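Worksheet: one structure, shown below.
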Amino acid sequence: WTLAHQPFSSYCIGMGISLNEQNQGRIRRKLASGQYGSPDEVVATALALLDEHDNALELELAGLRAKVQQGVQETEAGQLGPASDVFDELRRRNAALNRRKR
């Protein structure tokens, strides 16, 4: 991308971008597949998917923040479990993640 240090509003009309050869090739392949009618359509679809991905990450982060807040509140209320239970649970989760990666 060649987006020089200019205010965002200057990009809204007639935005010109340049792509490296690899990304140009990716767009050409998408166009050649017949699934997309223009480079703009390829980029629009990619940006929509990026938005979905970003939104999913934000939801996950909000959930993690809520769990941390819940943990802080439980800690402040003296509702702590044994550390061994926490580590056992972490080991189980880690093992499950490792099994899924295989």
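The values are calculated or read from the model by the stated rules, or taken from the named source; none is laboratory data. Since the structure is predicted, the reported quantities are computational estimates derived from the model, not experimental observations. All Cβ positions, even for glycine, are placed from backbone atoms using ideal geometry, and neighbour counts span all protein chains on display. For accessibility, only protein heavy atoms count, side chains too; no ligands or nucleic acids. Shrake-Rupley method; radii C 1.70, N 1.55, O 1.52, S 1.80 Å.
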Practice task
Could you let me know the centre-to-centre spacing of segment 64-102 and segment 26-45, using Cα atoms, in angstrom?
Solution key: 44 Å
Practice task
Specify which residue in the list Ser84, Ala66, Ala48 is farthest towards the positive end of the charge dipole of the chain, using unit charges on the beta carbon of Lys, Arg (+1) and Asp, Glu (-1), about the Cα centre.
Solution key: Ser84
Exercise for the section: May I ask you to give the percent of accessible area on the chain that is carbon plus sulfur, with a probe radius of 1.4 Å? Expected result: 56 percent
Handout entry: Dipole magnitude (debye, nearest 20) for the chain, charges at Cβ of Lys, Arg, Asp, Glu
Key = 680 debye
Handout entry: Identified option (computed Kirkwood radius over Cα pairs in Å; candidates (i) 14.0; (ii) 18.9; (iii) 19.9)
Key = (ii)
Completion exercise
Scalar couplings 3J(HN,Hα) for segment 20-34 by Karplus 6.51 cos²θ - 1.76 cosθ + 1.60 (θ = phi - 60°), nearest whole Hz, x for Gly and Pro, are 6, 4, 4, 6, 4, x, 4, 5, 4, 5, 5, 5, 5, 5, x
Exercise for the section: Once you've got the GNM for the chain with C-alpha springs shorter than 10 Å, pick whichever of Ser18, Ser33, Ser84 has the biggest mean-square fluctuation. Expected result: Ser84
Problem - Accessible area (Å², 1.4 Å probe, nearest 10) - Arg99 - result: 150 Å²
Handout entry: Rounded tilt (10° steps) of 39-76 against the dominant C-alpha axis of the chain
Key = 20 degrees
